[in-house]
Amino acid sequence: MINVSSFNEDLIKFEWYNKFGNIERKLYPKQMIIPLKRKPDKEICRVFKDAYTKNNYYIKTYPYDYTTPDLTIPFKIHKNKKGFYYYDWRLASKLLYFDKVIKYEGITFPKYMYYDIETTSLDPSEGIVTSVVFIDKDNNVKTFLNDNGDEREMLKSIAKFLKKNKVLSLIGFNSKKFDDEYLSYRMRTNQIKYEPIMNCNIDIMNMANKLFVTGSLASMAKQLGVIEKIELEDNPIKLFYDGDFDTLIEYNIRDVEVTKAISEKLNILSFCEALWNISWCDFRHLNANSVLNDCYFNKRMWEDSVLVSKVDLEYKGKFGGGFNYFKDE
């Protein structure tokens, strides 16, 4: 719905679909979540109550037209490889910003397409993309085929197509670990700007697993009684090198159709939307219970004006509060 990513070392990027169905993008400095050094102005504050001591604290909130609030809010504490503790600024930024966007601008489910890619290798550093198929919610099919050996031109056409159609979310099967990463890697290798952001993408396999349906694409299709995969005599890689492009595209299209059928059978997109509404957790991480729980509890604390004043950095995985506040004496 609304997603947060690091634009570079200094900036945070917010992207979402507004109530009119247009993509909105805004950049803000990461200083927006630095600790408070002084008592904030009361007119841009909320009063939070400590969950344990019951003391009141002033928390500086993010006004609609204010770009650099010096505030941290409740979000998870992590420890990096060098042993240094740091805050998850993505979750902090969301809590700080989302309620303002929802209140003043409204949001909608991101425009999406189901998709699948075929490649010559499981390793994107060794293989190339041979074909990509997109299918929208109305079953319109768009195919891209690397039939002349020019992967870069095909990928440029894909990036142009996604941008022109304002597609912000890609939905695939096992796409989080394969298709998303592979396509992004090949885009970067070919120096092509890749528009859709990874946090909006949904992996139907992972979400089906969360609904207790497991197995391969073919297995799930049989379990659920939907359209099934095409069984090939030759694998897709051989089809590509043999120049049998018609069969390759037909196979690629069917995989996307099966993915879409599984999604619709299990009502996965409505499930994802419901989980997002209660947690503000990125679609890409909805299958991870720990991340989902983190987002849910922090969102609830924020909405209920509750904070935890004691930060326990020695307890791995502890929320620790995350607020920077000025005590109400």
Relative contact order of segment 112-270: what whole-number percent is it, with Cα pairs under 8 angstrom and at least 6 residues apart? 27
Could you give the nm distance between label points at D234 and N289, where each point is 7 Å from its Cα heading toward the beta carbon? 4.6
Ordered by packing density, taken as the mean number of other Cβ atoms within 10 Å over each peptide's residues, highest first, how do 149-160, 285-296, 110-121 rank? 110-121, 285-296, 149-160
Dipole magnitude of segment 112-270 about its Cα centre, charges +1 at Lys/Arg Cβ and -1 at Asp/Glu Cβ only, in debye to the nearest 20? 920
Send over the Kirkwood Rh of segment 163-314, from the inverse of the averaged 1/r over different Cα pairs, rounded to one decimal Å. 17.9
Note, segment 113-130: 3J(HN,Hα) by Karplus (6.51, -1.76, 1.60, θ = phi - 60°), whole Hz, Gly/Pro = x, goes 9, 7, 7, 7, 10, 10, 9, 9, 7, 6, 9, x, 7, 10, x, 10, 8, 9
For the pair R46 and S157, how long in nm is the line joining their label points, each one 7 Å along Cα→Cβ? 4.9
Protection proxy ranking of 191-201, 210-220 - average other beta-carbon atoms within 10 Å, highest first: 191-201, 210-220
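No value in this document is a laboratory result; all are computed from the given coordinates. Here the structure is a predicted model, which means the values were calculated and not measured. All Cβ positions, glycine included, derive from the backbone under ideal geometry; neighbour counts span all protein chains shown.
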